[in-house]
Every structure is written in structure tokens, then in C-alpha cells.
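To keep things clear, I will list the structure first and then write my remarks on it.
The values are calculated or read from the model by the stated rules, or taken from the named source; none is laboratory data. The structure displayed is predicted, hence computed values, not measured ones. Please note: Cβ atoms are built from the backbone with ideal geometry, for glycine as well, and neighbour counts cover all protein chains shown. These accessible areas exclude ligands, DNA and RNA; they are computed on the full protein's heavy atoms, side chains included. Shrake-Rupley method; radii C 1.70, N 1.55, O 1.52, S 1.80 Å.
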Amino acid sequence: MAKPAASLASLLPQLWHRPLPPPPLLPRALYSSSPLLTTHRIPRRRRRFSPTTHLDAAATARATRAADPVEALTATSYPAYDRLLPCPSKDDPPRIEHLVAREDEVAGDFISRSLNLPPLYVADLIRFGAVYYALVAPQPPPYAAPEHVRIFREVTEPSLLRQRASIKGKTVREAQKTFRVTDPSQRLEAGTYLRVHVHPKRFPRCYEIDWKSRVVATTDDFVVLNKPAATSVGGATDNIEESCVVFTSRALGLESPLMTTHQIDNCSEGCVVLSKTKEFCSVFHGLIREKQVKKVYLALTTEPVSPGIITHYMRPLNRAPRLVAEDHIERWHLCQMEILDCKKVPWPKPLITKVHKVDNCGWPKQEAAYECKINLMTGKTHQIRAQLAAIGAPIVGDSAYMTGVIAAMANPSINPYGRASLNYNNEEEKAAAVEAWVACHGKEPKSVIGLQASEISWDYEGEHHYYKAGVPWWRQDAVESELV
């Protein structure tokens with residue numbers, strides 16, 4: 001087994017100079033939750049080979065190419081590549097790679113060489129915001145292989161860190177903070193850590209929208225956008241290019257890109273405020289903190305909901321699904337919304353659901369749905385979706401929460417925070433029940449759900465601002481749906 005240099009090693013053992021097969025299809029959360037390591041298996045035919053670092057393999061490859069001109073030609077060729085654009089119809093399996101530079105490097109060249117990726121592909125990944133760096137590699141997760149832990153210890157040896165001018169005056173924690181690589185020609189100091197999202201999350205809907213037609217209002221300070229569903233307001237961790245702020249900025253021909261002031265879920269549509277200036281961005285954030293911004297939503301639910309205030313408490317864990325309880329639990333976040341009105345409406349027609357790619361989630365077919373008008377009093381992530389699901393009235397098309405409601409209808413005691421929950425003998429039993437309840441929920445919707453940020457209003461500098469989105473998708477006919 002080749003032994004990497006004590007201070008200059010790669011964190012991921014693999015044969016860098018051969019095309020890699022895609023990793024097994026695993027949930028994105030599993031891959032993205034790993035702060036340090038990603039491993040791969042060769043499918044079909046099992047092969048055993050000694051673990052090496054990228055750079056040990058690189059040295060071997062260079063020696064081989066020097067001796068064999070034919071090998072030199074094939075080893076430097078890249079797989080066929082059409083660039084990231086146009087956008088594929090579906091995401092590739094998640095793949096995240098973690099590297100440490102062996103010597104002073106240029107970011108684009110180092111990634112391309114280490115992962116056998118086309119230089120143009122790497123340049124597009126950097127443009128998409130899918131490449132991060134830190135001066136010092138982060139701590140490996142508890143499940144990391146012993147070899148990876150050993151390499152981490154070598155590259156973070158205090159005596160080696162003291163020799164690096166770039167981290168003088170910084171704590172290790174400060175040096176482990178990640179930032180985006182913004183230019184393929186960015187220089188990397190020996191020991192710099194890289195995280196590369198090789199298959200970023202894509203948003204094909206961005207290319208189908210007439211963005212100018214979605215602009216509700218524009219002023220010197222801000223733009224109000226009727227955000228289409230299946231798009232991201234400000235982008236994803238690994239994709240800041242395909243976002244509402246970028247495409248709206250281009251559609252309006254703005255010299256400076258718009259900035260986000262608040263978020264709504266990717267699967268939701270409706271009013272979002274995008275700032276033109278840092279000053280207004282700060283002002284609007286302040287208005288939100290002071291609860292001076294009023295947001296009214298329309299939700300299409302499977303069951304009627306009585307008017308009045310609904311209160312829950314949300315688990316303080318930044319992970320989906322968001323779990324809520326009716327009873328107060330210490331440190332859980334207060335969630336309140338007011339049902340202003342609820343009216344019976346026809347269930348969306350099959351042609352409409354087909355146009356919008358609405359997931360039926362296995363919900364039994366029914367003739368009617370219910371349109372709820374909601375005043376959002378607190379603004380927690382997934383709040384409306386989680387609260388409506390908790391009272392047995394999930395939002396149409398919400399694959400993340402509707403499946404949980406279906407499970408609770410079959411077995412009411414499966415929800416450990418519901419009224420029919422069981423009594424648990426110890427914390428281990430309760431924790432197991434919580435994980436079982438989480439497993440009953442589905443994946444985050446990739447298309448539209450029955451939720452629209454219908455109205456937004458606030459007062460600023462003596463002026464009242466009120467804006468309203470267009471007709472929600474479930475009230476449109478098929479022709480209108482195709483046009484938007």
C-alpha cells in the first residue's frame with residue numbers, strides 16, 4: 001500500500017485516472033450529510049485494489065504515461081461532455097467528493113485531474129457554486145474509515161498547520177469554515193480542503209418560464225415576483241445559477257443581481273420580494289423580524305379546516321420532515337397560523353395535474369378539495385405543510401407529508417407526538433418511535449403542491465405596499481397552465 005505524505009494527502013482513496021462509475025443511488029441527505037468522505041463501489045464485477053490517494057495514483061499514472069505514448073494519449077482524454085446546459089430532465093445520483101491539495105495548485109486543474117472530469121465541466125460546477133474550499137479539512141464523521149481518520153490527522157497535524165501562513169491568527173474552527181470557489185483559476189495553498197458536488201441539484205423548470213410575465217411589481221428598491229413552483233428562490237447548496245434571483249435579474253436586464261429577502265419552498269408558488277440593494281435587504285429583514293410583513297397563503301387541502309388559530313410546536317431540528325406536536329415541548333419552536341376561510345372546490349382535473357406533474361402520493365381519489373386562506377403568524381420552514389398534515393388535512397401533492405398522514409390514518413398511534421401516541425418505557429423506545437414516524441414520510445416534492453404565497457404586504461416609509469400573486473394553478477384551465 002502506498003503511504004501518503006504526512007502533510008499532503010488526498011482524503012478519498014480511489015483510482016483517479018480512470019473514469020468513475022456513478023455511486024449507488026442513495027438519498028441525497030445521506031450523501032450531503034457527510035462532511036468529509038464519500039466512497040464508491042464498482043458495480044457488477046467486484047475488484048479489490050489497494051487504497052491509494054489521488055496523488056499517489058497520479059504519480060503512478062505520470063510515470064506510466066512517460067513510458068508509454070499510447071497510454072499517455074488515452075489517459076489525458078476525457079469522457080464526452082455537452083456541458084451542464086441545457087439542463088437534463090432529471091438529476092444524476094448525488095455524488096460529493098472531498099480532496100486535499102498535495103501542493104500549491106490551481107483549483108480547476110486540480111479538480112479536473114484528481115476526479116478525471118472535463119475542465120469545462122469543472123468550470124461549470126464552479127460557476128454553479130458547487131465547489132467549496134476550507135483552509136483546513138473538517139473533522140471526519142463518526143462512521144469514517146480508520147484510513148480516512150489517519151489521513152485527516154496527518155493533514156491537520158499542529159506542527160504542519162503552524163507552518164502555513166494563511167491560517168496564522170486563526171483558530172482551527174475558523175480555518176475549517178467553508179467558502180465557495182468562485183474562479184477555476186483560484187490558487188490553492190498546499191493542505192487546502194475541497195468539497196466538490198459533482199452532480200448538483202438541477203432546476204429544469206427555470207428554462208420553461210417567461211420570467212418577465214412573472215414580475216408583479218418593480219421599484220427602485222425591490223422586485224415582487226410571482227415565483228413559479230419547482231424553482232428555488234435563491235438556489236441550492238450546489239446550484240446558485242438556476243434560481244429565481246438569477247433568471248429574474250437577467251429577464252429585467254439588471255446590472256446588479258437581485259438579492260433574496262425571504263424564502264418559500266421550492267414546491268410552492270407565489271409572491272416573493274427580491275431586493276435590488278443591500279440597504280433594502282437589511283430593511284426588509286428588519287420588518288420580518290418585527291413581524292411587520294403580513295403573508296397570506298392559499299392551501300389546497302384534502303379535508304376541510306375550521307376557521308381559527310392553529311397552534312403547534314416544531315422540533316428544533318434542521319431536517320425534513322419537520323415534526324410538530326400540539327403540546328408544548330421545551331425548546332420546540334412555536335408555530336401559529338390563522339385559518340381565515342375554507343371553501344369547498346373541485347378536485348383538480350386530471351389534465352391539470354398532468355400538466356403540473358402533481359404527485360397523487362397514493363391518496364384515495366375524491367371529488368372535492370378545500371381551499372384554505374391562511375394568515376401565517378410565524379414563519380417556520382414547512383410550517384403550513386406540517387401543521388395541516390398534523391390535523392389530518394394534508395396539502396394536495398405534498399409527497400413529503402401526505403404519506404405520513406396516510407400512515408397515521410392506518411395506525412393513529414404511529415405518530416409519537418399525536419393524540420393517540422403510545423406510552424414509552426424509556427427514551428430509547430421514544431427515539432425509535434420517532435425514527436419510525438420520520439420513515440413514514442416521503443421525499444420532498446419535485447414539482448408543484450397545492451400551496452401559494454397569495455398576498456404579501458408591509459408599511460415602509462409611510463407607504464403601504466400590497467401585492468398579490470396570480471390565479472393558483474389548481475384554478476387554471478389546461479391552456480393557461482401550459483402558458484405559465
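Just to verify a result, which residue in segment 124-148, among those that are aliphatic (A, V, I, L, M) and open to solvent by less than 30 Å² (accessible area, probe 1.4 Å), is nearest to Arg162 (Cα to Cα)? Before the answer, list the steps.
Within segment 124-148, the first condition is being aliphatic (A, V, I, L, M), and the residues that meet it are 125-126, 130-131, 134-137, 144-145.
Subsequent filtering for residues that are open to solvent by less than 30 Å² (accessible area, probe 1.4 Å) retains 125-126, 130-131, 134, 136-137, 144.
Details: Leu125: 32, Ile126: 30, Ala130: 30, Val131: 26, Ala134: 16, Val136: 12, Ala137: 15, Ala144: 26 Å.
Result: Val136.
How many residues does segment 242-256 contain that are under 21 Å from the mean Cα position of the chain (by Cα) and open to solvent by 20 Å² or more (accessible area, probe 1.4 Å)? Full working, then the answer.
First, pick out the residues of segment 242-256 that are under 21 Å from the mean Cα position of the chain (by Cα): 242-248.
Subset that is open to solvent by 20 Å² or more (accessible area, probe 1.4 Å): 246-247.
Selection size over segment 242-256: 2.
Only one of these conditions is not met by Asp398: (1) touching a Pro at 6+ places or on another chain (Cβ under 9 Å); (2) farther than 17 Å from Ala325 by Cα; (3) open to solvent by 60 Å² or more (accessible area, probe 1.4 Å); (4) not small (Gly, Ala, Ser). Which number is it?
Of the numbered conditions (1) touching a Pro at 6+ places or on another chain (Cβ under 9 Å); (2) farther than 17 Å from Ala325 by Cα; (3) open to solvent by 60 Å² or more (accessible area, probe 1.4 Å); (4) not small (Gly, Ala, Ser), the odd one out for Asp398 is (3).
Please work out if Lys201 is open to solvent by 30 Å² or more (accessible area, probe 1.4 Å), part of a loop (DSSP other than H, G, I, E, B) and touching a strand residue (DSSP E or B) at 6+ places or on another chain (Cβ under 6 Å). Please lay out each step first, then the result.
Numbers: open to solvent by 30 Å² or more (accessible area, probe 1.4 Å): yes; part of a loop (DSSP other than H, G, I, E, B): yes; touching a strand residue (DSSP E or B) at 6+ places or on another chain (Cβ under 6 Å): yes.
Yes: the conditions hold for Lys201.
Just name the residue that is surrounded by the fewest Cβ atoms within 10 Å (Cβ to Cβ) out of those in segment 442-458 that are among the small types (Gly, Ala, Ser) and closer than 17 Å to Thr302 by Cβ.
From segment 442-458, those among the small types (Gly, Ala, Ser) are 442, 447, 450, 453-454, 457; that's our starting set.
Filter once more, so that each one left must be closer than 17 Å to Thr302 by Cβ: 442, 450.
Working: Gly442: 18, Gly450: 30.
Ranking the candidates gives Gly442 first.
Inspect all residues belonging to segment 341-361 and state whether any of them is in contact with a Leu (Cβ under 7 Å, 6 or more places away or on another chain) and closer than 26 Å to His262 by Cβ. Outline the logic, then answer.
Going through segment 341-361, the residues in contact with a Leu (Cβ under 7 Å, 6 or more places away or on another chain) turn out to be none.
Checked segment 341-361: no residue is in contact with a Leu (Cβ under 7 Å, 6 or more places away or on another chain) and closer than 26 Å to His262 by Cβ.
Filter segment 372-384 down to the residues that are surrounded by fewer than 20 Cβ atoms within 10 Å (Cβ to Cβ) and over 26 Å from the mean Cα position of the chain (by Cα), then identify the one that is nearest to Arg475 (Cα to Cα).
Filtering segment 372-384 for residues that are surrounded by fewer than 20 Cβ atoms within 10 Å (Cβ to Cβ) and over 26 Å from the mean Cα position of the chain (by Cα), the one nearest to Arg475 (Cα to Cα) comes out as Lys373.
Can you tell me which residue in segment 349-360 is nearest to Ile310 (Cα to Cα), limited to those that are of a type outside the set (A, V, I, L, M) and crowded, with 20+ Cβ neighbours inside 10 Å?
To start, the set of residues in segment 349-360 that are of a type outside the set (A, V, I, L, M) comprises 349-350, 353-354, 356-357, 359-360.
Those left that are additionally crowded, with 20+ Cβ neighbours inside 10 Å: 353, 356, 359.
Working: Thr353: 29, His356: 30, Asp359: 26 Å.
The residue in question is Asp359.
Which is modelled with pLDDT of 95 or more, more than 26 Å from Lys212 (Cα to Cα), open to solvent by 30 Å² or more (accessible area, probe 1.4 Å) and of a type in the set (A, V, I, L, M), of Ala433, Ala439, Ala420?
Values: Ala433 fails: open to solvent by 30 Å² or more (accessible area, probe 1.4 Å); Ala420 fails: modelled with pLDDT of 95 or more.
So the residue among Ala433, Ala439, Ala420 that is modelled with pLDDT of 95 or more, more than 26 Å from Lys212 (Cα to Cα), open to solvent by 30 Å² or more (accessible area, probe 1.4 Å) and of a type in the set (A, V, I, L, M) is Ala439.
Conditions (1) without any contact (Cβ under 8 Å) to a residue 60 or more places away in the chain; (2) in a loop (DSSP other than H, G, I, E, B); (3) not assigned by the TED database to the domain that holds Asp327; (4) not aliphatic (A, V, I, L, M), marked per residue:
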| site | (1), (2), (3), (4) |
| --- | --- |
| Asp398 | no, yes, no, yes |
| Gly404 | no, no, no, yes |
| Ala407 | yes, no, no, no |
| Ser413 | yes, no, no, yes |
| Arg419 | no, yes, no, yes |
| Glu429 | yes, no, no, yes |
| Ala453 | no, no, yes, no |
| Ile456 | no, no, yes, no |
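Pairs under 7 Å by beta carbon, first residue in a strand (DSSP E or B) in segment 236-251, partner aliphatic (A, V, I, L, M) and buried (at least 19 other Cβ atoms within 10 Å of the Cβ), six or more apart or different chains?
So the pair list comes out as Asn239/Ala130.
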